[in-house]
Amino acid sequence: MHGTGVQEAHRFWIAFHHVPYVGPVRTRRLLDHFGSLERAWMADQRDLRTVLDERSCAALVKTRASLDLDLVLRRLEDTGVTVITIDDDAYPRLLREIHAPPSVLYVKGDLLPVDERAVAIVGTRRSTRYGAEVAARLAGDLAQAGVTIVSGLARGIDGVAHQAALEAGGRTLAVFGTGIHQIYPPQHRNLANRIGGSGALVSDYAPDRTVEAANFPARNRIISGLSRGVIVVEAPSRSGALITADFAGDQGRDVFAVPGSILSNASVGCNQLLRDGARVVTTAQDVLDELGFGEAAPHAAVQQSLLVPEEDRRLLAVLNAEPQHIDEIAAKLALPGPSVSAMLLTLELQGLVRNIGAQHYARGSS
């Protein structure tokens, strides 16, 4: 599904996308009534009122008087943004199936046929060390198995999932809650650039739409709509990730949840999803089996560990996904701390060990 840039045929789709109160349903009504969006854009108010209510009609009249459409199109072209409308063959098939799919998508990067093998990984912005480790492992292993990882570029679980997919050499899609020209949060600008280079940035908002809290829950329907299933890694009781899970259920997509401690607020939402019938996920293979995607690739860390010296293999054997302090590792190996520290550094450089911070280490996820 390679995009084709900003075409003249997209001109009035983009124009209507800038009109408040005229969403996918009203845009389709205008197209059906007038035969083309260009004719609808040029129509007088009397004809428009046969299709639109007074508020939408007034918004359209105001927008077409003030919108510099040529400037909008030039900027999209200059920044390498592709426009895909719902009438284009390039429009994602899975997204087209949802209720009231967005009429226009702005894409930086490429949406490809392989992205139909997509899974969303979402969760809280305030992730715990456990949640970050699980998200990284699931995203990395799924990406190695050829699954596209979809998420929302937010802090916490979203960012970890994107990053792990990239590190595994896989594809990932980031769905914006802002316009495509507005990277949010700003500290994820470099991550967004990497995603655009080996996946895609996607937004259904007008290109310069700034941060508005109400936009983020609404964009979650696109995260689930682009995916065959949604994995919630960590979510408190009131979380945008749970909204994404709700959309997934409504769209007939599989909902997965990672079990967490009953003592952790970050896992309240996941444990509730499991109680309500979500599928338990503890490994990537759980998801691959449920969705019929086949076998996970052998874990790279396991393959590489066969090539390291015996003493390093002993160290790897005491590590797992749960972070451990270096003193705890040294005690298990009955080795002095400095020796263990040097071994950990060597294995970290090989990608076999993850340095979690504060002298805590876990098995590598790549």
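For residues that are more than 19 Å from Y106 (Cβ to Cβ) and surrounded by fewer than 24 Cβ atoms within 10 Å (Cβ to Cβ), tally how many sit in region 216-230.
Here the count works out to 3.
Kindly establish whether A145 is within 16 Å of E290 (Cβ to Cβ), of a type in the set (A, V, I, L, M) and surrounded by fewer than 21 Cβ atoms within 10 Å (Cβ to Cβ).
It is true that A145 is within 16 Å of E290 (Cβ to Cβ), of a type in the set (A, V, I, L, M) and surrounded by fewer than 21 Cβ atoms within 10 Å (Cβ to Cβ).
Give the residues of region 129-147 that are in a loop (DSSP other than H, G, I, E, B) and either within 30 Å of N265 (Cβ to Cβ) or of a type outside the set (G, A, S) (or both), sorted by residue number.
V147, the sole residue that qualifies.
Taking region 201-244, which residues are touching a residue at least 40 places away in the same chain (Cβ under 8 Å) and part of a helix (DSSP H, G or I)?
Within region 201-244, F216, A218, R219, N220, R221, I222, I223, S224, G225, G240, A241, T244 qualify.
If you scan region 264-280, which residues turn out to be among the polar types (S, T, N, Q) and assigned to a helix (DSSP H, G or I)?
N265, S267, N271, Q272
Which residue is surrounded by the fewest Cβ atoms within 10 Å (Cβ to Cβ), if the candidates are limited to region 180-194 and must be within 12 Å of Q163 (Cα to Cα) and out of contact with any helix residue (DSSP H, G or I) (no Cβ under 7 Å at 6 or more places or on another chain)?
By that ranking, first place goes to N190.
Only residues that are within 20 Å of R221 (Cα to Cα) and in contact with a strand residue (DSSP E or B) (Cβ under 8 Å, 6 or more places away or on another chain): list them for region 252-276, please.
Of everything in region 252-276, those that are within 20 Å of R221 (Cα to Cα) and in contact with a strand residue (DSSP E or B) (Cβ under 8 Å, 6 or more places away or on another chain) turn out to be R253, D254, V255, F256, A257, G269, C270, L273.
Tally time: how many residues in region 93-128 are among the basic types (K, R), in contact (Cβ under 8 Å) with a residue 24 or more places away in the chain and either part of a loop (DSSP other than H, G, I, E, B) or surrounded by fewer than 23 Cβ atoms within 10 Å (Cβ to Cβ) (or both)?
Total satisfying the criteria: 3.
For residues that are within 21 Å of I243 (Cα to Cα) and of a type outside the set (K, R), tally how many sit in region 149-186.
Residues flagged as within 21 Å of I243 (Cα to Cα) and of a type outside the set (K, R) within region 149-186 amount to 23.
Just the residues that are touching a residue at least 12 places away in the same chain (Cβ under 8 Å) and either on the phi > 0 side of the Ramachandran plot or in contact with a Ser or Thr (Cβ under 8 Å, 6 or more places away or on another chain) (or both), please, taken from region 322-356.
I326, G351, L352, R354, listed by residue number.
Per-residue answers, yes or no, for (1) basic (K, R); (2) in contact with a helix residue (DSSP H, G or I) (Cβ under 9 Å, 6 or more places away or on another chain); (3) modelled with pLDDT under 90:
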| residue | (1), (2), (3) |
| --- | --- |
| A15 | no, yes, no |
| P24 | no, no, yes |
| H33 | no, yes, no |
| D44 | no, no, no |
| L48 | no, yes, no |
| S56 | no, yes, no |
| A59 | no, no, no |
| A65 | no, no, no |
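Give me a count of the residues in region 56-78 that are of a type in the set (A, V, I, L, M, F, W, C), closer than 18 Å to H181 by Cβ and surrounded by 14 or more Cβ atoms within 10 Å (Cβ to Cβ).
Count: 5.
Quick one: which of L142, L76 is touching a residue at least 60 places away in the same chain (Cβ under 8 Å), closer than 24 Å to A200 by Cβ and not assigned by TED's automatic domain parsing to the domain that holds V233?
L76
Please find, among L52, L142, the residue that is in contact with a helix residue (DSSP H, G or I) (Cβ under 9 Å, 6 or more places away or on another chain) and over 30 Å from V353 (Cα atoms).
Exactly one of L52, L142 is in contact with a helix residue (DSSP H, G or I) (Cβ under 9 Å, 6 or more places away or on another chain) and over 30 Å from V353 (Cα atoms), namely L52.
Take L273 and tell me if it is farther than 23 Å from I356 by Cβ and modelled with pLDDT of 90 or more.
Spelling it out, L273 is indeed farther than 23 Å from I356 by Cβ and modelled with pLDDT of 90 or more.
The values are calculated or read from the model by the stated rules, or taken from the named source; none is laboratory data. Here the structure is a predicted model, which means the values were calculated and not measured. Using ideal geometry, Cβ is built from the backbone for each residue, glycine included, and neighbour counts are taken over all protein chains shown.
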